[in-house]
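Undergrad: Here's a structure for you.
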Amino acid sequence: MSEEGTGVVAHPEIEEDSCKGCGRCVAACPRKCLELKVTLNKMGIKPVGYTGTGCIGCGMCFYNCPEPYAIKVVKP
Amino acid sequence: MKTIEQKGMYQKFPRSGKDTRVTHYCAGCGHGIVNKLVAECCAEMGLQDRTIFVDPVGCGVFTYYYWDAAHISAAHGRASAAATGVCRARPDAVTIAYQGDGDLGAIGFNNAFQAASRGEKFGCIFINNSLYGMTGGQMAPTTLEGEKTTTTPFGRDPALTGHPLHVCEVFSQLQAPVYIARVSVADTKRILQCKAAIKRLFEIQRDRKGYALLEILAPCPTNFGMNPLKAAEFCKNEMEAEFPLGVFRDTEKTGVGEAAIPKPQAPSAILAVKPVPQFATCAELFGVPDGVDAPPAENDPSVPERRFKFAGYGGQGILSLGICVAEAARLQRRHTLWFPSYGPEQRGGSASCSVVVSGTPIGSPTVEHPDVLVCMNQPSYERFVGDVKKGGIVIVDASVPIMKQPPEGVKLHQVPAIKMAEDFGVPKAANTMMLAALRAFKATGLDDEHLETALCASFKKKPQLIEKNRDLLHRAEAALKQP
Ligand code: SF4
Ligand code: SF4
Ligand code: SF4
């Protein structure tokens, strides 16, 4: 979703190396636009990734995540 | 553009010296979710510079690496006790204790409960994940019936280990708390409710309204033996069935919970609370002689520490004898401490006190091995004589049969203090006789003049006795100095 004029599209930003792959955000996303990746991060864990479309910037992924810096949400 | 991101936490968590910003929590741990909310609320309310967190022992132990505010780390189960000290010493601060269910529900329950009962002005965040997490998933008081833990491998059996402890419900029986609520972080809706509750907790502390308890049901995937999503389900379904969510009390907002607690009637005159008198000095508090002004202690490393023990029956003036010596030391600008012993046998039984006199600041007021022991009766003599240091002195009333010899190198003086006092017609003055003995045997290392001033000052409230005791002191001393 983009807001007129700003050009910003809502999306999650993931810091892969801080993600523990617990999947809480995946389950919480109302738009089902997060999924665990198949590649490994530095800790040897499969981190979460954004499918690239559908985010409405609700922030539920951030609030369900136990890690402070694994995921944040940018929105218009 | 707006970002929903972490507030109120440090940018890095250099816990193991590494350049890391990953917490120590297991994947999917409820602590992590709560930690983020706490930091966010603290920051959003602009309270970081006022907040002192009291951190627990348990999985929550490392919150000081995460929350950007002041921290004190308490011993296991003692966060509420430490928070009591913090919130009393720093009334300007927002004090928040963070405790788990092993910490608060078991080891520290009484600390937490009494602090709540006293209505201490701090907020307690209580993480209930139904077991001891850090130590390996043992049963906690909050463990559900039938829940498997490492110490209840066949499920908790109430017949053997009791029923789950409902902390909010128990605390709701108390008069003082202003806020008691239970929330959860099992899903989005609950997390947002949890955030609102944490805000409320901070609000109450910001305005110093009173004690607040927030219990948070949290999943522990590791010790539940479940993946993070299953663990969250367990938290929502099984734990909530035992521990219903809700606001048990928010006195200010709703009055909910208040009615359940019978309010005491207006207190009768005997029970009316009287204002606490303000004592300017300890001397006043203990009814110790005052009115003799002395400048503060002077440091003089050449004066070694001397330790005294005075013991006898209650009523023999043992405690005031100790005070006299301490007071004389004070007049001589020594460091000194007087420490009465209130053993279980205090009433009508033995009384004893310790005095330490030193040229340098004193670490401990207790005396295990005295240099000088003064005993007025047999039990106290027998109890303490073996402890006297080599080179020390024991002064004992002559009425005490010496069944036990003092250790080698300790000088024993038998002084007929009780008899002398009777002969002088003042049976209550046996302690003055002992003071005379201390002077005669040069046992105190203090000036005679100060000992005498201290003695006189102790009769400030009975001035008619001052001269009498001074006279007794001199006569007794003269008698004792006779070969
Ligand atoms: S902000 Fe909302 S919609 Fe976007 S990824 Fe996160 S949970 Fe999904
Ligand atoms: S971003 Fe957070 S919630 Fe999502 S998988 Fe990673 S650690 Fe778990
Ligand atoms: S053991 Fe349980 S409570 Fe402790 S960090 Fe791991 S998941 Fe959290």
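Undergrad: With a 1.4 Å probe and all protein chains left in place, how much accessible area per residue does region B:300-382 have, in Å²?
TA: Working: 3370 Å² over 83 residues.
Accessible area per residue, region B:300-382: 41 Å².
Undergrad: Per residue of region A:53-67, what does 6.51 cos²θ - 1.76 cosθ + 1.60 with θ = phi - 60° give for ³J(HN,Hα)? Whole Hz please, x for Gly and Pro, Karplus curve as stated.
TA: 9, x, 5, 10, x, 6, x, 5, 4, 4, 6, 7, 7, x, 9
Undergrad: Could you check the simple spin-label distance between B:ARG15 and B:ASP448, using points 7 Å along Cα→Cβ, in nm with one decimal?
TA: 7.0
Undergrad: Please report the spacing between the Cα centers of region B:348-419 and region B:43-85 in Å, no decimals.
TA: After rounding, the separation between the Cα centres reads 46 Å.
Undergrad: To the nearest whole number, what is the average tally of beta carbon atoms from other chains within 10 Å of the beta carbons of peptide B:28-38?
TA: Per-residue shielding by partner chains comes out at 4.
Undergrad: Here's something else I'd like to know. Using the alpha carbons of chain B, what is the convex hull volume per residue in cubic angstrom, as a whole number?
TA: 237
Undergrad: Which lysines does A:LYS46 reach when only Cα atoms under 16 Å apart count, and residues fewer than 8 places away in its own chain are ignored?
TA: A:LYS20, A:LYS37
Undergrad: If contacts are Cα pairs under 8 angstrom and at least 6 residues apart, what is the relative contact order of region B:4-271 in percent?
TA: Relative contact order for region B:4-271 comes out at 17 percent.
Undergrad: Report in % the part of the accessible area of chain B that belongs to carbon and sulfur, leaving out ligands and nucleic acids; probe 1.4 Å.
TA: Values: 12210 of 22060 Å².
Using a 1.4 Å probe with all protein chains present, chain B comes out at 55 percent carbon and sulfur.
Undergrad: Can you list the residues, at least 5 places off or on another chain, whose amide H is less than 5 Å from the amide H of B:SER341, using H built in the peptide plane?
TA: Those lying under 5 Å, H to H, from B:SER341 are B:SER352, B:CYS353, B:SER354.
Undergrad: Please compare each pair in A:LYS75/B:LYS209; B:LYS2/B:LYS236; A:LYS72/B:LYS230 to a cut-off of 29 Å on the Cα-Cα distance and tell me which ones are over it.
TA: Table pairs above 29 Å Cα-Cα are A:LYS75/B:LYS209; B:LYS2/B:LYS236.
Undergrad: Another one. Shape call for region B:294-338 from the C-alpha gyration tensor, a ≥ b ≥ c root eigenvalues: rounded (a/c under 1.5), prolate (a/b greater than b/c) or oblate?
TA: oblate
Undergrad: Could you tell me the ratio Rg/Rh of region B:297-481? Both radii from Cα atoms, Rh via Kirkwood.
TA: Rg/Rh: 0.94.
Undergrad: Could you tell me the relative contact order of chain B? Use alpha-carbon pairs under 8 Å, at least six residues apart, and round to a whole percent.
TA: For chain B, the relative contact order is 9 percent.
Undergrad: For region B:376-424, report the % of Cα-Cα distances exceeding 11 Å.
TA: 66
Undergrad: How many square angstrom of accessible surface are buried between B and A, both sides summed, with a 1.4 Å probe and rounding to 100?
TA: So the total buried area for this chain pair works out to about 2600 Å².
Undergrad: Moving to a separate point now. Spit out the partnerless Cys residues in chain A, using Cβ distances under 4.7 Å as the pairing rule.
TA: Cysteines of chain A left without a disulfide-compatible partner: A:CYS19, A:CYS22, A:CYS29, A:CYS33, A:CYS55, A:CYS58, A:CYS65.
Undergrad: How many Å² of accessible area per residue for region A:19-74, probe 1.4 Å?
TA: 42
Undergrad: Across region B:334-445, how many lysine pairs, 8 or more positions apart or on different chains, have C-alpha atoms separated by under 17 Å? Please give the number.
TA: Counting lysine pairs in region B:334-445 gives 8.
Undergrad: For region B:77-184, what is the accessible area per residue in Å² when the probe is 1.4 Å?
TA: 35
Undergrad: Still on this structure, please answer the following. Comparing the chain by itself with all protein chains present, which residues of region B:159-198 are at least 20 Å² less accessible (probe 1.4 Å)?
TA: Correct list: B:THR188, B:ILE191, B:LEU192.
Undergrad: List the residues of region A:15-50 for which accessible area in the full set of protein chains is at least 50 Å² lower than for the chain on its own; 1.4 Å probe, protein heavy atoms only.
TA: The answer is A:LYS20, A:CYS22, A:ARG24.
Undergrad: Where a ≥ b ≥ c are the square roots of the eigenvalues of the C-alpha gyration tensor, would you call the protein assembly as shown rounded, which needs a/c under 1.5, or, failing that, prolate if a/b is larger than b/c, or oblate?
TA: Prolate, because a/c is 1.5 or more and a/b exceeds b/c.
Undergrad: Can you tell me what the convex hull of the Cα atoms of chain A projects to on average, as an area in nm²? Mind showing how you got there, number by number?
TA: Working: hull surface 18.6 nm².
The number I arrive at for chain A is 4.6 nm².
The values are calculated or read from the model by the stated rules, or taken from the named source; none is laboratory data. Only a predicted model underlies this, so the values are computations on that prediction, with no experimental measurement involved. Cβ coordinates were reconstructed from backbone atoms using ideal geometry, including for glycine residues, and neighbour counts include every protein chain displayed. Side chains included, ligands, DNA and RNA excluded: accessible areas come from the protein's heavy atoms. Shrake-Rupley method; radii C 1.70, N 1.55, O 1.52, S 1.80 Å.
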